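Since the structure comes first, as C-alpha cells, the remarks are kept for the end.
Readers should treat all values here as calculations from the given coordinates under stated rules, not as data from a laboratory. If you're wondering where the values come from, they're calculated on a predicted model, not measured in any experiment. As a convention, Cβ positions derive from the backbone with ideal geometry for all residues, glycine included, and neighbour counts pool all protein chains shown.
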Amino acid sequence: MNNETKNPILETNPAEAEETKKISWEPAEWVGEKKKSKKKGPIIFLALLLILAIVAFAILPVGEFLEFDKGEGTKVTVEIPQGASADKVADILLEKGVIESKFAFKLKLRFHEKGNELKYGTYNLDTAMTLSAVIDELATGHQEGKLITIPEGYSAEMIAALCEKNGICTKEEFLDVLANETFEYDFLKYIPDNDEIKYKLQGFLFPDTYEYTATTTPKDFINNMLKNYEKNVVIPDDRELAYYEILTLASVVEREAKMDDERAKIAGVFMNRLDIDMPLQACATVIYAKSEGAYDMEEVLFSDLEVQSPYNTYKNPGLPVGPICNPGKLAIEAVLNPESHSYLYYHTDEGKKDGSHIFTESYNEHSATQTYSKSGEAKN
C-alpha cells in the first residue's frame with residue numbers, strides 16, 4: 001500500500017466523526033414531513049367544521065331558526081291553555097302549521113328576550129310568521145277573537161246558519177238584523193226599491209275570513225262584511241249593466257261556475273242571452289228559490305223549474321230580482337270583463353266529473369250533448 005494514500009476516516013477528528021454520525025441518522029425528508037403535518041392540522045379541522053355546518057343546515061331547521069322568508073301564509077286561531085309548558089306550546093303551534101320544527105322554536109325561546117314570558121290565551125296567528133314574531137305575540141297575553149270564514153257563493157241564509165254554528169248568534173237573529181237594521185254605506189244607494197227582494201244586503205256581504213269575540217253582535221258582524229265589501233269591490237261607471245245588475249249577475253255566475261277559468265265564459269253566455277232578450281235559465285236561481293237560500297238540493301228536476309219566484313230565471317225574463325248569493329271578487333270581475341264569444345248554452349261535462357262545462361252555440365248542439373237521468377233530472 002502506498003504510504004501516501006490517506007484514509008479519510010483515520011484523518012477525521014473522532015469528535016467530528018461522531019457528530020457526522022448523529023446528523024446522518026435524521027434524514028432531511030423526515031424533518032420536512034413533520035413540519036408539513038403541523039400546517040395541515042388547522043386546515044383539516046376547518047374543513048370538518050364546514051362539512052358539519054353543511055350537514056346541519058341540510059338536516060336541522062336552520063332556515064326557520066334564522067327566520068328566512070316563508071312566503072304567503074294563512075290565518076289560524078291558536079288556543080294556548082293555562083299552565084302549558086314550552087313543549088306543549090310547541091306541539092300546538094306545530095299542529096296548527098305556525099312552526100315547522102319544535103326544536104327550532106324551543107331553541108329560539110332560549111335566545112329570545114321574551115322566551116320566558118309566554119302567556120295563555122287565544123291568538124290569531126299566521127303560518128308565515130317568523131319565530132320571533134310568534135314569540136312576541138304569545139308574550140302579549142292578548143285575548144284574540146276566533147276566526148270564521150265566509151266562502152264565496154254563500155247566501156245570507158247560509159251565512160246565518162254558519163254564524164249560529166260558531167256561536168255568534170242564532171240564524172233568526174242574523175236574518176232579522178239583515179232585514180231590518182240600517183247601515184250607512186254609499187254603495188247601498190244602488191239597491192232598487194223593490195219589495196220582492198228578499199234580503200237587500202244580499203250580494204254585499206263580502207266573502208272573507210273574519211274575527212269575532214264573545215261580544216260581537218249580529219250587526220257588528222254584518223257591518224264588518226259591508227266594510228270589507230267597500231274596501232275590496234270597485235265597479236266602474238263605464239259599465240254595460242247597472243251597478244246592482246252587475247252584482248246580481250255576478251251572484252249567478254258564482255253559483256254556476258265550478259272552475260275559476262270558466263267564470264268569464266259563463267258570464268259571456270249570460271250577456272249574450274241578455275243582448276237578445278233570451279231567458280237566462282240558470283239552474284242556480286231555481287235552487288235558490290226552491291231551497292230558500294239553503295242550496296241543499298242535490299239535483300234539479302224539471303218540475304222544480306216551475307217554482308213561482310221572482311228569482312227563477314226559467315219563469316221570468318232577464319236577471320233575477322236580486323243577488324242569489326254573495327259573490328267573490330273573481331265573479332264580479334268576470335261580469336265586468338265577460339269573455340267574448342257566440343255561445344248561448346252550456347251544461348255540465350259528465351265525462352270529466354270536475355265541474356267543467358260544455359259550451360254550444362245552438363239548441364240542437366246543446367241537446368245533442370245533453371244528458372238526462374231517468375229520474376227527470378235537468379242537467380245545467
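Annotations
- Evaluating 6.51 cos²θ - 1.76 cosθ + 1.60 at θ = phi - 60° for every residue in the stretch 310-326, the Karplus couplings come out as x, 8, 7, 7, 8, 9, 10, x, x, 6, x, 5, x, x, 9, 6, 10 Hz, glycine and proline recorded as x.
- Around the amide H of Gly318, modelled in the peptide plane, lie the amide H atoms of Leu280, all under 5 Å away and 5 or more residues distant in sequence or on another chain.
- Phi-based couplings in Hz for the stretch 352-364 (Karplus 6.51, -1.76, 1.60; Gly and Pro marked x): 8, 6, 10, x, 6, 10, 9, 10, 9, 9, 10, 5, 4
- 3J(HN,Hα) couplings calculated from phi for the stretch 244-256 with the Karplus curve 6.51 cos²θ - 1.76 cosθ + 1.60 (θ = phi - 60°) are, in sequence order, 5, 5, 4, 5, 5, 5, 4, 5, 5, 4, 4, 7, 7 Hz; Gly and Pro show x.
- Relative contact order computed over the stretch 255-301 (Cα-Cα under 8 Å; 6+ residues apart), in percent: 27
- Amide H to amide H, with H built 1.01 Å from N, Leu301 comes under 5 Å of Ala378, counting only residues 5 or more places away or on other chains.
- Residues with amide H under 5 Å from that of Thr360, placed H, sequence gap 5 or more: Leu344, Tyr345, Tyr346
- Cα pair count fraction exceeding 18 Å, expressed as % - the stretch 75-144: 24
- Summing +1 for each Lys or Arg and -1 for each Asp or Glu among the other residues whose beta-carbon sits under 15 angstrom from that of Ile197 gives -3.
- Cα shape, the stretch 156-369, gyration tensor, a/c 1.5 rule: prolate
- Total formal charge among the other residues, if their Cβ is under 13 angstrom from that of Leu336, Lys/Arg +1 and Asp/Glu -1: -3
- Ordering of 275-286, 309-320 by burial proxy (mean other Cβ atoms within 10 Å per residue, highest first): 309-320, 275-286
- For Val321, net neighbour charge (Lys/Arg +1, Asp/Glu -1) across residues whose Cβ lies under 13 Å away: -1
- Projected label distance in nm at Val234 and Phe302, using a 7 Å step from Cα toward the beta-carbon: 4.9
- Here the simple spin-label model places points 7 Å from the Cα toward Cβ, and for Thr215 and Asn337 these points are separated by 4.3 nm.
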